[in-house]
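Below: one structure, written as structure tokens.
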Amino acid sequence: MKYRLLCLDLNVVKSLLKKIAYLFAVLCIWQFLYVLGGCSDLIFPTPIQVVSFLWHACADGTLMSATWITIKRLILGYSVSVLIGIPMGILCSRFYILNAFVGKLVLGLQTLPSICWVPLTLLWFGQTDRAILFVVTMGSLWSLIASTESSVRQIPSLYIKAAHTMGSRGVDLWLTVIFPAALPSIITGMKQSWAFAWRSLMSAEIYVSTIGGLGIGQLLHYGREMQAMDQVMGIIFVIIAIGLIAEKVLFANVERILHKRWGFIKSSN
């Protein structure tokens, strides 16, 4: 047992060292390109300038406050899309008439870039947080409906037949057989929908200025207006970091647990 724990600790340390080495290599290449290109700081800042901006933005609370406001908007907007999208996707897989009507609508709206919702939502809600939440919801809802409907339809018919022979019908069939069988694929669809919600939120925050507080997207926009390239690149790195953290901490762990529980991958003994 102690040997296994020691090996696990060594693997974690090795993985951490590899990531640090990779980050250091990227910074060195970045600095080399800056020196080689001879670019102005207004076009291509140095890593030190970007790190300095992030340090001061964290020290005065600007970055932390903007990050918290953005995350709250993301959680609210994405939660609305989940509460609507998953039940709607299940209903579309169950009722042909609903699927024939909603399915075409979902397919069309899914291809619509989220930025296209901004002019419409500004006319409806004005410069408010509701406008941002609407864009986030519309940007992620349709993908979630389509992925949920596809996940339910991909369930092997053998599961349904076996449940019928055991007397499972109606709500019991959906709660004990269909939904659990489709859950791993639904989680994968939720991960993809979250990425759409994240992109939609950035688009909305760039173009919608609200009195509810400055988000990360608004800091990115103001950095562009002030020609502060260190702020622009620093905020871009923050956006990437939040996306990677959400992927590794939340969705990757949930997918791994579900796949192991459902027998898609072998659990280590």
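With an 8 Å cut-off on Cα pairs and a minimum separation of 6 or more residues, tell me the relative contact order of the chain in percent. Write down the numbers at each step before the final one.
Details: 259 pairs, mean separation 62.6, N = 269.
Once divided by the residue count of the chain, the mean separation gives 23 percent.
Counting just the Cα atoms, what span does segment 124-223 cover along each of its three principal axes? Round to the nearest Å and put the largest first.
Cα extents, longest axis first: 62, 22, 17 Å.
Springs between alpha-carbon pairs under 10 angstrom, Gaussian network model over the chain: which of Ala204, Ala66, Ala25 fluctuates most?
Judging by the Gaussian network model, the answer is Ala25.
For the chain, with only Lys/Arg (+1) and Asp/Glu (-1) charged at the beta-carbon, what is the dipole magnitude about the Cα centre, in debye rounded to 20?
Working: 21 positive and 11 negative charges, 256 e Å.
It works out to roughly 1220 debye.
Please work out the Cα center distance from segment 149-216 to segment 228-242, rounded to the nearest Å.
Cα centroid to Cα centroid, the span is 30 Å.
For the peptides 220-226, 158-164, what is the packing order when you average, over each peptide's residues, the other Cβ atoms within 10 Å and list the highest mean first?
Descending mean neighbour count gives 220-226, 158-164.
Treat the count of other C-beta atoms within 10 Å as a stand-in for reagent exposure and order Ile97, Ile178 from fewest to most.
Values: Ile97 8, Ile178 20.
By the 10 Å Cβ count, ascending: Ile97, Ile178.
Quick one: which of 109-122, 243-256, 78-91 comes out on top by average Cβ neighbours within 10 Å, and what's the full order, highest first?
Numbers: 109-122: 15.4, 243-256: 13.2, 78-91: 19.6.
Top of the packing list down: 78-91, 109-122, 243-256.
Take the Cα radius of gyration of segment 101-149 and divide it by 2.2 N^0.38 Å, with N its residue count; two decimals is plenty.
Numbers: Rg = 11.5 Å, N = 49, 2.2 N^0.38 = 9.7 Å.
Against the empirical 2.2 N^0.38 Å value, I get 1.20 for segment 101-149.
Residue-wise, which Karplus ³J(HN,Hα) couplings in Hz belong to segment 81-91, taking 6.51 cos²θ - 1.76 cosθ + 1.60, θ = phi - 60°, and x for glycine or proline?
5, 5, 5, 8, x, 5, x, 5, x, 5, 5
Could you tell me which of rounded, prolate or oblate describes segment 205-257, using a ≥ b ≥ c as the square roots of the eigenvalues of the alpha-carbon gyration tensor, with rounded for a/c under 1.5 and, failing that, prolate when a/b is larger than b/c and oblate otherwise? Display every interim value, and only then the final one.
On the way: a/c = 4.77, a/b = 2.03, b/c = 2.35.
Oblate is the answer for segment 205-257, as a/c is 1.5 or above yet b/c matches or exceeds a/b.
Pick from Asp129, Asp230, Asp172 the residue whose mean-square fluctuation is largest in a GNM of the chain, springs joining Cα atoms under 10 Å.
Of Asp129, Asp230, Asp172, the Gaussian network model singles out Asp172 as fluctuating most.
Please work out how many pairs of lysine residues in the chain are eight or more positions apart (or on different chains) and have Cα atoms closer than 17 angstrom.
Values: Lys18/Lys248; Lys19/Lys248; Lys191/Lys248; Lys248/Lys260.
Here the count comes out as 4.
Multiply the residue separation of Arg224 and Thr128 by 0.36 nm, subtract the distance between their alpha-carbon atoms, and state the gained length in nm to one decimal. It would help to have the intermediate numbers written out before the result.
On the way: separation 96, 0.36 × 96 = 34.56 nm, distance 2.19 nm.
Here the segment from Arg224 to Thr128 would lengthen by 32.4 nm.
On alpha-carbon atoms, Rg over Rh for the chain using Kirkwood Rh? Intermediate results must be reported in sequence, preceding the final value.
Details: Rg = 23.0 Å, Rh = 21.7 Å.
Ratio value, two decimals: 1.06.
Every number in this text was worked out from the coordinates using simple rules, so none of it is lab data. Only a predicted model underlies this, so the values are computations on that prediction, with no experimental measurement involved. Backbone-built Cβ (ideal geometry, glycine too); neighbour counts: all protein chains shown.
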